[in-house]
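Visitor: One structure, as structure tokens, below. Some questions next.
The values are calculated or read from the model by the stated rules, or taken from the named source; none is laboratory data. Treat the numbers as computed from the prediction; the structure is a model and nothing was measured. As a convention, Cβ positions derive from the backbone with ideal geometry for all residues, glycine included, and neighbour counts pool all protein chains shown. Side chains are part of the model used for accessible areas, which takes the heavy atoms of the whole protein and leaves out ligands, DNA and RNA. Shrake-Rupley method; radii C 1.70, N 1.55, O 1.52, S 1.80 Å.
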Amino acid sequence: MSSLAAELEAAARIGADGGGVSRFAWSPELAEANAWLTGRLKELGLEPELDAAGNVLGRWDAGEGKAVLVGSHLDTVPRGGRYDGALGVLSALQAVRMLRAEGAEPARPLWVVSFNDEEGSRFQTGMLGSRAFCGELDVEDWRRRGVADAMARAGFDFDRLPEARGVDGVGAYLELHIEQGPVLEGSGEDVGIVTAITGLLGFRIRLLGAANHAGTTPMEARRDALAGAARAVLALREEARAREGMTANVGALSVEPGGFNVIPGLAEFTVDVRSPTAEGFERAEEFVRETVKRIAAEEGLGLETSVTHRKPPVALDQGLQDALAAAADAEGASYRRMPSGAGHDAMVLAHHVPAAMLFVPSKGGISHSPEEYTPPEQCELGARVLARAVRALVA
């Protein structure tokens, strides 16, 4: 078994949960994974650090200038897969391992990173570690969500989060990740070079009707909040299907009072809408608001709409994309340039330093699931392409 495959297997045992993996921010499971990673960093001769935001950094402070930062994250969604995030961190280790084996002496620093809480599973706000690393602190929002209390229980000081800013020492960021979609597998290409990361826009919608008797209230007299929500779900789906590159999803829906013989007086649901282009992202908010407003009016319902998150799309660095393409060519790997439909730490870093991403295929396009899988040979090929790009950047 290769070093990369063995490390993927070892990491997956930490937080193993019903066939998947559960490691959340400031949990004992993630702390164990961080300690395990720290050991791997030491073995490779890197200087490890656990910063004030729970990010793990390993520094090879060779040469001069700003560092090339390579990595991803080790936290997961509940019962997530063993590749999402972890493959990027362990491929960064593999790149360092290859350079060490060659006796390379980098002309600039090379750092490996595992960012904390990329998924946002515990506090419903993702990329906390990379945002803190880049100085993008949302202190009041994080405190309200319980981040400060969780950090205190794990032995961290919420007030020291500003100390995690480290992006000023970084000159470029590379992240390898599974695609989490079916495009590469369907096309047969070995790797994907990410051109842009989709914009993420979230809403919480509340439709307010009137709870009443299900048997005695005439159909034409009802103000059924759930019926309005059902119409909205389908309308948003059809609107998104008609717009190139856009996706819309309703992932959570609740109704009150919840009786089988009571007309729902309240329906509350979430909307996740995404677009990889600035133009599409700008249209997304307008089309969600207009759609639910129209349906609420037609159903005679009150409407409350709030934005839960807004992360505009980010174009990745052209020069680093070209470096990954050159590395793929040198490795004999076929590739395509493609946008990412999921958010990643790279979209935070890209606002501050040149950043790029490399995808490897996902079997069946499955992710955030115990069924998530990328064959070992595809993991290894992606890691070799990444290592070639890193070698060129630190030469």
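Visitor: Counting other Cβ atoms within 10 Å, keep those with at most 13, restrict to DSSP loop, and tell me which trypsin sites (Lys or Arg not before Pro) in segment 97-199 are left.
Guide: Qualifying residues, ordered by number: none.
Visitor: In segment 72-160, carbon and sulfur make up what percent of the accessible area (probe 1.4 Å)?
Guide: Carbon-and-sulfur percentage of accessible area, whole number: 43.
Visitor: State in Å² the accessible area per residue of the chain; use a 1.4 Å probe, count heavy atoms of protein chains only, and round to the nearest integer.
Guide: Result: 42 Å² of accessible area for each residue.
Visitor: Another one. Taking the Cα-to-Cβ direction at GLU286 and at THR217 and moving 7 Å from each Cα, how far apart do the two end points lie in nm?
Guide: Result: 3.5 nm between the two label points.
Visitor: If each DSSP helix of 4+ residues adds -39,500 (n - 2.57) and the sum is divided by the residues in the chain, what number results at 222 nm, nearest 500 deg cm²/dmol? Kindly include the intermediate steps, with their values, before the conclusion.
Guide: On the way: 12 runs with 144 residues, N = 395.
Value at 222 nm, helices only: -11500 deg cm²/dmol.
Visitor: Now, a different point. Less than 9 Å Cβ to Cβ from ALA284, Lys/Arg counted +1 and Asp/Glu -1: what total charge do the surrounding residues give?
Guide: Once all neighbours under 9 Å are counted, the net charge is 0.
Visitor: I'd like the per residue volume of the convex hull spanned by the Cα atoms of segment 93-159, given in cubic angstrom. Spell out each step's value before the answer.
Guide: Details: hull volume 8.0 nm³, N = 67.
Output value, Cα hull per residue: 120 Å³.
Visitor: Along each of the three principal axes of the Cα atoms of segment 259-370, give the extent in whole Å, ordering the values from largest to smallest.
Guide: Computed over the Cα atoms, the extents are 65, 32, 20 Å.
Visitor: Under the rule a/c < 1.5 gives rounded, and otherwise a/b versus b/c splits prolate from oblate, where does segment 304-394 land using the Cα gyration tensor?
Guide: oblate
Visitor: Let me make sure I get this right: for segment 176-259, a, b and c are the square roots of the gyration tensor eigenvalues over alpha carbons, sorted descending. Under 1.5 in a/c it's rounded, otherwise prolate if a/b > b/c, else oblate. Which is it?
Guide: Prolate, because a/c is 1.5 or more and a/b exceeds b/c.
Visitor: Then there is this: Once the other residues with Cβ under 11 Å from the Cβ of GLY58 are scored (Lys, Arg +1; Asp, Glu -1), what is the net sum?
Guide: Result for the neighbourhood of GLY58: -1.
Visitor: Considering Cα pairs under 8 angstrom that are at least six residues apart, work out the relative contact order of the chain and quote it in whole percent.
Guide: Answer for the chain is 23 percent.
Visitor: Same structure, new question: Over all directions, what mean area does the Cα convex hull of segment 1-146 project, stated in square nanometres?
Guide: With the hull built on Cα positions only, its mean projection is 8.8 nm².
Visitor: Rg to Rh for segment 150-200: what is it, with Cα atoms only and Rh by Kirkwood?
Guide: So for segment 150-200, dividing Rg by the Kirkwood Rh gives 1.18.
Visitor: Can you tell me what share of the DSSP beta bridges in the chain is antiparallel? A percent to the nearest 5 is fine.
Guide: 70 percent
Visitor: Mind grabbing the accessible area of TRP26 for me, 1.4 Å probe, Å², rounded to tens?
Guide: TRP26 has an accessible surface of roughly 30 Å² with all protein chains in place.
Visitor: Could I ask something else about it? By a straight-distance test (C-alpha under 29 Å), which lysines pair with LYS363 as possible cross-link partners, with residues fewer than eight away in the same chain excluded?
Guide: Cross-link targets: LYS311.
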